[in-house]
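What follows is a short report on a single structure.
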Amino acid sequence: MTAFTVRVAAGEADRAACFAVRTEVFVIEQSVPESIEYDAYDAVAVHVLAEGPDGAPLGTGRLLYGPEALAKTGSPEVGSLGRLAVTKAARGLGVGVALVRAIEAEAGRLGLAAVDLGAQTHAVGFYERLGYEAYGPEFQDAGIPHRSMRRRLP
């Protein structure tokens with residue numbers, strides 16, 4: 001399988017598909033407690049969904065912007081990319097890159113100047129290859145080491 005599409009999630013069925021990927025990757029694989037995986041931001045975030053040719057969900061991510069992102073980024077011009085997850089079966093196919101670029105495109109459409117994220121430390125190299133720069137000390141989120149990263153949008 002190499003064909004997939006990425007789009008902004010629309011409606012409850014798409015959101016359920018996004019949550020199914022997050023449950024598989026974060027809750028089951030990484031043992032993140034479900035009680036902290038899902039939060040109030042899910043109701044206001046822009047969610048993106050990657051799907052295979054059969055419509056099966058392959059990956060997801062979300063973008064916070066405006067007041068919801070301000071607490072995380074410190075600037076109204078910076079969005080917050082989060083909850084990026086790709087199923088095991090779809091890893092290595094470019095799904096993660098496509099999701100990040102779709103979130104950045106949405107951030108640009110919303111007039112944002114940059115995107116911040118908290119990368120699991122094992123994924124810092126992935127984000128660096130996409131133009132993100134790490135800043136600040138390592139921190140723990142859900143018991144997993146992370147680094148803050150930012151990319152200015154073109």
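Among the candidates LEU93, LEU84, LEU58, single out the residue that is among the aliphatic types (A, V, I, L, M), touching a residue at least 24 places away in the same chain (Cβ under 8 Å) and in contact with an Asp or Glu (Cβ under 8 Å, 6 or more places away or on another chain). Break it down into steps so the answer makes sense when it comes.
Working: LEU93 fails: in contact with an Asp or Glu (Cβ under 8 Å, 6 or more places away or on another chain); LEU84 fails: in contact with an Asp or Glu (Cβ under 8 Å, 6 or more places away or on another chain).
None of the other options fit; the residue is LEU58.
For the range 1-27, how many residues meet the condition of being assigned to a helix (DSSP H, G or I) and either hydroxyl-bearing (Ser, Thr, Tyr) or in contact with a strand residue (DSSP E or B) (Cβ under 7 Å, 6 or more places away or on another chain) (or both)?
Going through the range 1-27, the residues assigned to a helix (DSSP H, G or I) turn out to be 11-27.
Among the residues that remain, those that are also either hydroxyl-bearing (Ser, Thr, Tyr) or in contact with a strand residue (DSSP E or B) (Cβ under 7 Å, 6 or more places away or on another chain) (or both) are: 14-15, 17-18, 20-23, 25-26.
Selection size over the range 1-27: 10.
Please enumerate the residues belonging to the range 120-150 that are within 20 Å of GLU77 (Cβ to Cβ), in contact (Cβ under 8 Å) with a residue 24 or more places away in the chain and out of contact with any helix residue (DSSP H, G or I) (no Cβ under 7 Å at 6 or more places or on another chain).
Once the filter is applied, which keeps residues that are within 20 Å of GLU77 (Cβ to Cβ), in contact (Cβ under 8 Å) with a residue 24 or more places away in the chain and out of contact with any helix residue (DSSP H, G or I) (no Cβ under 7 Å at 6 or more places or on another chain), the range 120-150 yields TYR127, SER148, ARG150.
Of the residues in the range 28-46, how many are assigned to a loop (DSSP other than H, G, I, E, B) and either under 22 Å from ALA90 (Cβ atoms) or out of contact with any helix residue (DSSP H, G or I) (no Cβ under 6 Å at 6 or more places or on another chain) (or both)?
Looking only at the range 28-46, we keep the residues that are assigned to a loop (DSSP other than H, G, I, E, B), and these are 30-33, 38-39, 44-45.
Within this subset, residues satisfying the condition of being either under 22 Å from ALA90 (Cβ atoms) or out of contact with any helix residue (DSSP H, G or I) (no Cβ under 6 Å at 6 or more places or on another chain) (or both) are 30-33, 38-39, 45.
Residues that pass the stated criteria total 7.
Listed here are the residues, each with its yes/no results for (1) closer than 21 Å to ASP141 by Cβ; (2) hydroxyl-bearing (Ser, Thr, Tyr); (3) touching a Pro at 6+ places or on another chain (Cβ under 9 Å).
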| site | (1), (2), (3) |
| --- | --- |
| ALA17 | no, no, yes |
| PRO33 | yes, no, no |
| ALA40 | yes, no, no |
| ALA43 | yes, no, no |
| LEU58 | no, no, no |
| ARG62 | yes, no, no |
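Kindly list the number of the only condition in (1) farther than 24 Å from GLY143 by Cα; (2) among the hydrophobic types (A, V, I, L, M, F, W, C); (3) in contact with a Gly (Cβ under 9 Å, 6 or more places away or on another chain) that fails for VAL78.
Among (1) farther than 24 Å from GLY143 by Cα; (2) among the hydrophobic types (A, V, I, L, M, F, W, C); (3) in contact with a Gly (Cβ under 9 Å, 6 or more places away or on another chain), VAL78 violates only (3).
Determine which member of the set LEU49, LEU117, LEU99, LEU112 is surrounded by 13 or more Cβ atoms within 10 Å (Cβ to Cβ), touching a residue at least 60 places away in the same chain (Cβ under 8 Å) and of a type outside the set (D, E, K, R).
Checking each option against the conditions leaves just LEU99.
Only the coordinates and a few stated rules stand behind these numbers; no lab work does. The model shown is predicted, which means the values in this text are computed figures rather than measured ones. Positions of Cβ are generated from backbone atoms using ideal geometry, with glycine treated the same way; all protein chains shown enter the neighbour counts.
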